[in-house]
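*Asks:* Here it is: the structure, laid out below.
The values are calculated or read from the model by the stated rules, or taken from the named source; none is laboratory data. Computed from a predicted model, the values in this text were never measured in an experiment. When the accessible area is computed, the model is the full protein with side chains, heavy atoms only, and any ligands, DNA or RNA have been set aside. Shrake-Rupley method; radii C 1.70, N 1.55, O 1.52, S 1.80 Å.
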Amino acid sequence: MCAHPNLVLADHPLAGHLLAGLRDTKTSPERFRVLAKRLATVLVLEATRNLAVRDATVRTPLADAPARLIGTMVVAVPVLRAGLGMLETVTELLPDVQVGYVGLERDETTLQPTSYYLKVPQLAGAAVLLLDPMLATGGSAAFAATLLKQRGAADLQLVCVVAAPEGVRRMADEHPDVRVVTAALDDHLNEVGYIVPGLGDFGDRLFGTF
Ligand code: PRP
Ligand code: URA
């Protein structure tokens, strides 16, 4: 059992349908990029469900209408490389979003992440969306969350495509305040740290680097 107080499973039928295509080993990188972007839409809508709003009034051709506008700065931070597959969705849905980047690489043997790049805008007061499609051991996401908190992030969510119980547990232990939005909670990690059944290496499938 992997209890996380803030785990959200986006179980929309469309999410399941798109995820099936991402999992399919026959899916080409070109198609994978399309599916990743579409699935990110479902996930980002879920992640932004509780964004702060502010009341406003807009003038229609007929009369004034009450309106609710997004009332907070949103910052998206994709984890390089794989998180880039979800970024365009956020910039399209939220044109006023600010974007930062975290570059992390997981050592293939130790599975420990190291950071090779970090550039983020002001995070204090913003709703921060950390984009990383694969939550495996959770080492990368937990490390990224720590880096972003050190830079002032207080309202942080992880948006991922597939999560392993091990990663969810690690986020619950180290960052119980970080909401984790995912399309699937898979079965386990294999002996080399890949999610099973998973979808393979997201970055390689996204960028065709097999
Ligand atoms: C992948 C993935 C996550 C990480 C998840 O990145 O995008 O960042 O592994 O694994 P973890 O939960 O065990 O840390 P990878 O290090 O393969 O880098 P890449 O995106 O550049 O391929
Ligand atoms: N990173 C991936 O891209 N896939 C996995 O299954 C685990 C980590």
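*Asks:* Would you grab the residues whose amide H sits under 5 Å from the one on residue 154? Only those 5+ places off in sequence or on another chain, please, with H modelled 1.01 Å from N.
*Replies:* Amide H neighbours of residue 154, under 5 Å, 5+ apart: 125, 126.
*Asks:* Moving on. Compute the length gained on full extension between residue 110 and residue 24: take 0.36 nm times their separation in residues and subtract their Cα-Cα distance, giving the result in nm to one decimal.
*Replies:* Roughly 28.2 nm would be gained on extension.
*Asks:* Relative to the longest principal Cα axis of the chain, at what angle does helix 165-174 sit, 0 to 90 degrees, rounded to 10?
*Replies:* 60
*Asks:* Might you tell me the accessible area per residue for the stretch 35-137, computed with a 1.4 Å probe and given in Å²?
*Replies:* 53
*Asks:* How large is the translational diffusion coefficient of the chain in µm² per second when you combine the Kirkwood radius over alpha carbon pairs with Stokes-Einstein at 37 °C and 0.692 mPa s?
*Replies:* Once the numbers are plugged in, D ends up at 188 µm²/s.
*Asks:* If you don't mind, there's one more thing I want to ask. Amide H neighbours of residue 77 under 5 Å, counting only residues 5+ apart in sequence or on other chains, H built in-plane at 1.01 Å?
*Replies:* It is 100, 129, 130, 131, by chain and number.
*Asks:* Could I ask something else about it? Before rounding to the nearest 500, sum -39500 (n - 2.57) across all DSSP H runs of length at least 4 in the chain and divide by the residue total; then give [θ] at 222 nm in deg cm²/dmol.
*Replies:* After summing the helix terms and dividing by residue count, I get -10000 deg cm²/dmol.
*Asks:* Let me ask you something else. When the accessible area of the stretch 1-99 is split by element with a 1.4 Å probe, what percent falls to carbon and sulfur?
*Replies:* 55
*Asks:* Under 5 Å between amide H atoms, partner at least 5 residues away or on a different chain: which partners does residue 83 have, H built in plane at 1.01 Å?
*Replies:* Here nothing satisfies the definition.
*Asks:* For residue 70, what accessible area in Å² do you get when you roll a 1.4 Å probe over the heavy atoms of the protein chains, rounding to the nearest 10?
*Replies:* 90
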